[in-house]
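For reference, the structure discussed in these notes is given below.
The values are calculated or read from the model by the stated rules, or taken from the named source; none is laboratory data. Note that the coordinates shown come from a computational prediction; the quantities given were computed from them, not determined experimentally. Here Cβ is always computed from backbone atoms with ideal geometry, including for glycine, and neighbour counts include all displayed protein chains. Side chains included, ligands, DNA and RNA excluded: accessible areas come from the protein's heavy atoms. Shrake-Rupley method; radii C 1.70, N 1.55, O 1.52, S 1.80 Å.
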Amino acid sequence: MTIASSSPPSRLPLGSAREARTGPRPNRARARESGGDGRLAALFLAPALLGFVVFLLWPTLRGVYLSFTRFNLLTPAEWVGLDNYVRMVNDPIFWDSLTVTVEYVVINIGVQTAAALAIAVLLQRLTQSAMLRGIVLTPYLMSNVVAGIVWLWLLDTQLGIGNEIVAALGADRIPFLADETWAIPTIALINVWRHVGYTALLLFAGLQAIPNDMYEAARVDGASEWRMFRRITLPLLRPVLAVVLIMTVIGSFQVFDTVTVTTAGGPANATNVLQYYIYGAAFGRFQFGYASAMSVALLVVLSAITFLQYRLTRAGRSDLG
Amino acid sequence: MTAATATTTKARPAGRRGLSPGRVLAWSAMAAIVLITLLPFYWILRTALSSNSALAADPGNPLPVDPTTGGFERALGLQSTEEAIAQGGAGGGLKFWRYLINSVIVSTLITVGQIFFSAMAAYAFARLRWRGRDKVFALFLAGLMVPTIFTLLPNFVLVKELGLVDNLLGIALPTMLMTPFAVFFLRQFFMNVPREVEEAALLDGAGKIRIFFRVMLPMASTPILTLGVLTYITAWNDYFWPLMVSYSDSSRVLTVALAIFRAQTPQSGYDWSGLMAATLIAALPMLLLFACFARRIVSTISFTGIK
């Protein structure tokens, strides 16, 4: 996703496409172009279009189709109408898993957005050090699998350094990933650790678009840093923040890797997030139809959230200019 | 700091840059962030170099305890089964080099293919004139809205039908030809290449294909490099899709192998030393890759905001 700081992505294509067609052009060049580049365009577009149709468009339509079938990979899919959806609505594990996922997303996105915003503002107001920006990005270089295993060790109840610190502070050791109440917040924070630097840099990119004179003027007026943050940074960053929020929420709903290596859905389904449940239905029980129906449900939830966030945060409009 | 008059600035030349309580607090916060970011990396190294029995006896020691390279040997599959079990391992090692080569092949196929084909399409959208261009581009943009995860199940069915399950090509194929984002991102950069440059080449008699290779690609080299490195890192770190497609060592990539290595560790007591050594060698190639291009990547992300 590109964050265009001054205008949101949805408005970019139209404006810039028009821009590309106008503009002065020498006569010879125009003469050569007048016939259009149809054949050449077909050649340039062919591989990407093939990829788009075969591995994105077709699977999307097929995913919706499969959700109306009974399909175990071995025998042909059999049309069963709304059966999978009826089953889903009556499946308590599905609702549990949706609740767990929402809990995860709320903690993950809440903490991550606040922390990323703080880091971005610190990077902007305190220093221009590229090295610091590089450092905050390092956890992103590890895979979710690696990050999950590492934190499983750091937070181990008996031997983990995290619990050594807890014990040194005089508290009882916390079974972070083995306890039903702690597991989801812990996984949410592990993923904050991995992604917060990246999110911070995206917000930092948005902060670069805010004219420095505004801060200078505010300082002359005697405004405190907190006041400048409230009155300048936050309102002007809003469109970028909204787009980043939409992107990170969509990513957050797809949590899977970290759960697999840390808790495998347990204890007692406490971390059975939706994507984990879908994977189990498809590859554990070979119910591809039911798994597809749950995927469609997730797709609907994500689309609704995107739409709502876009409307509520007025992502399309900027306060700048 | 408030009411900054000429006299106060003169009296305290370091006024703004000085050590106000606020700045001390802000720098402390920054230091804490750096610490939380980097400390786990040190702890991985410290654990990997310790022996399992000593780790249990002295969990809080900041230095490696009873230093040994046994963890690395187990991760690389260099120890015999008896040796490994004696040191707290599972016996089954990691065929590290096999998985490393698989990861390199998959990530390279995805990165080179995706960037090159997306760049071609981006050029067609940005600079070629053909009927229906805006409509097809709108379709690509709509593709941005479909979460990757939604296409995974049907794509698995498709790859199975193509007979590419448990095959490196099957892992690479779905993202090898394009992603809507790469097309969208590169198109933005091609739009910004000044028309004049292209026209000068046209007047010199260069064809459009030549312009693409000799003008457009070189002029967009920095964004292409950034996109390339990020695509490589994403492909390298991907777990869910390769997990679906690969069944055996022949197509197993590092992330999947690592998760299996973790699942194999004895439930009675984890082989932490071996696990940390394995995570370190799995993450090392990306840390090195990033170290080479860090400055350019960080500035591209933090000034254009690419994801």
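Return the calculated 222 nm mean residue ellipticity for the protein assembly as shown, to the nearest 500 deg cm²/dmol, obtained by summing -39500 (n - 2.57) across DSSP H runs with n ≥ 4 and dividing by the residue count. Can you show the working numbers first?
Values: 32 runs with 420 residues, N = 628.
Value at 222 nm, helices only: -21000 deg cm²/dmol.
For the range A:56-73, list whatever residues lose no less than 50 Å² of accessible surface once every protein chain is in place, relative to that chain by itself, with the probe at 1.4 Å.
Those residues are A:L56, A:P59, A:R62, A:L73.
Once you put a point 7 Å from the Cα of A:R173 and another 7 Å from the Cα of A:T75, both along the Cβ direction, what distance in nm separates them?
Rounded to a tenth, the inter-label distance reads 5.2 nm.
If you place +1 on the Cβ of every Lys and Arg and -1 on the Cβ of every Asp and Glu, how big does the dipole about the Cα centre of the range B:100-259 come out, in debye to the nearest 20? Provide the component values of the computation, followed by the final result.
Values: 12 positive and 9 negative charges, 104 e Å.
With Lys and Arg at +1 and Asp and Glu at -1, about 500 debye.
If you build a Gaussian network model of chain A, linking Cα atoms that sit under 10 Å apart, which residue out of A:M88, A:M294, A:M228 swings the most?
In the Gaussian network model the winner is A:M228.
Calculate the tail of P(r) for the range B:100-259: the fraction of all Cα-Cα distances greater than 20 Å, expressed in %. Don't jump to the answer; show the numbers that get you there.
Details: 7071 of 12720 pairs.
Of all Cα-Cα distances in the range B:100-259, 56 percent exceed 20 Å.
GNM, chain A, Cα, under 10 Å: largest mean-square fluctuation among A:G160, A:G206, A:G63?
A:G160
Summarise the accessible area of the protein assembly as shown (1.4 Å probe, protein heavy atoms) by the percent that is carbon and sulfur.
Working: 18030 of 27430 Å².
Answer for the protein assembly as shown is 66 percent, counting heavy atoms of protein chains only.
Show which aspartates and glutamates lie in cross-link reach of B:K95 when reach means a straight Cα distance below 15 angstrom and same-chain residues fewer than eight apart are skipped.
Straight-line reach from B:K95, under 15 Å: B:E73, B:D249.
Rounding to the nearest 20 debye, state how big the charge dipole of the range A:92-312 is about its Cα centre with +1 on each Lys and Arg Cβ and -1 on each Asp and Glu Cβ. Present the calculation step by step, with values, prior to reporting the outcome.
Values: 11 positive and 12 negative charges, 127 e Å.
Dipole of the range A:92-312, to the nearest 20 debye: 620 debye.
List the residues of the range A:201-224 whose accessible area drops by at least 40 Å² when all protein chains are present, compared with their chain alone, using a 1.4 Å probe and counting only protein heavy atoms.
So the qualifying set is A:L201, A:A205, A:R219.
Using a 1.4 angstrom probe on the protein heavy atoms only, could you order B:K95, B:K135, B:K208 from most to least accessible area?
On the way: B:K95 115, B:K135 165, B:K208 25 Å².
Output order, biggest surface exposure first: B:K135, B:K95, B:K208.
Gaussian network model of chain A, Cα springs within a sub-10 Å range: biggest mean-square fluctuation belongs to which of A:V145, A:V136, A:V53?
A:V53
Taking a probe of 1.4 angstrom, what is the accessible area of B:F212 in Å², to the nearest 10?
Result for B:F212: roughly 0 Å² accessible.
Could you work out the relative contact order of chain B? I mean the mean sequence separation of Cα pairs under 8 Å and 6+ apart, divided by the number of residues, in percent. Please list the in-between numbers first.
On the way: 303 pairs, mean separation 84.2, N = 307.
Over chain B, the number comes to 27 percent.
Work out which helices of chain B, taken as complete DSSP H runs, extend at least 30 Å along their axis over the Cα atoms and score a mean Kyte-Doolittle of -0.5 or more, then list them. Let's see the in-between values first.
Details: long enough: B:21-48 (40 Å, 1.31); B:96-127 (45 Å, 1.14); B:272-304 (40 Å, 1.50).
TM-like helix candidates: B:21-48, B:96-127, B:272-304.
Across the residues of B:234-245, average count of Cβ atoms on other protein chains within 10 Å?
Counting other chains' Cβ atoms within 10 Å and averaging over B:234-245 gives 4.
All other residues with a Cβ under 11 Å from the Cβ of A:D156 taken together, and with Lys, Arg as +1 and Asp, Glu as -1, what is their net charge?
0
Relative to the Cα centre, what is the charge dipole magnitude of the range A:227-316, using +1 at the beta carbon of each Lys and Arg, -1 at the beta carbon of each Asp and Glu, and rounding to the nearest 20 debye? Working shown, then result.
On the way: 7 positive and 1 negative charges, 132 e Å.
Taking the Cα centre of the range A:227-316 as origin, the dipole is about 640 debye.
Tell me: how much accessible area in total is hidden between B and A, 1.4 Å probe, Å², nearest 100? All intermediate terms of the calculation are to be shown ahead of the outcome.
Numbers: alone 18290 and 19070 Å², together 27430 Å².
That pair hides around 9900 Å² of surface in total.
Checking the a/c ratio against 1.5 first, then a/b against b/c, what shape does the Cα gyration tensor give for the range A:92-312?
The shape class here is oblate.
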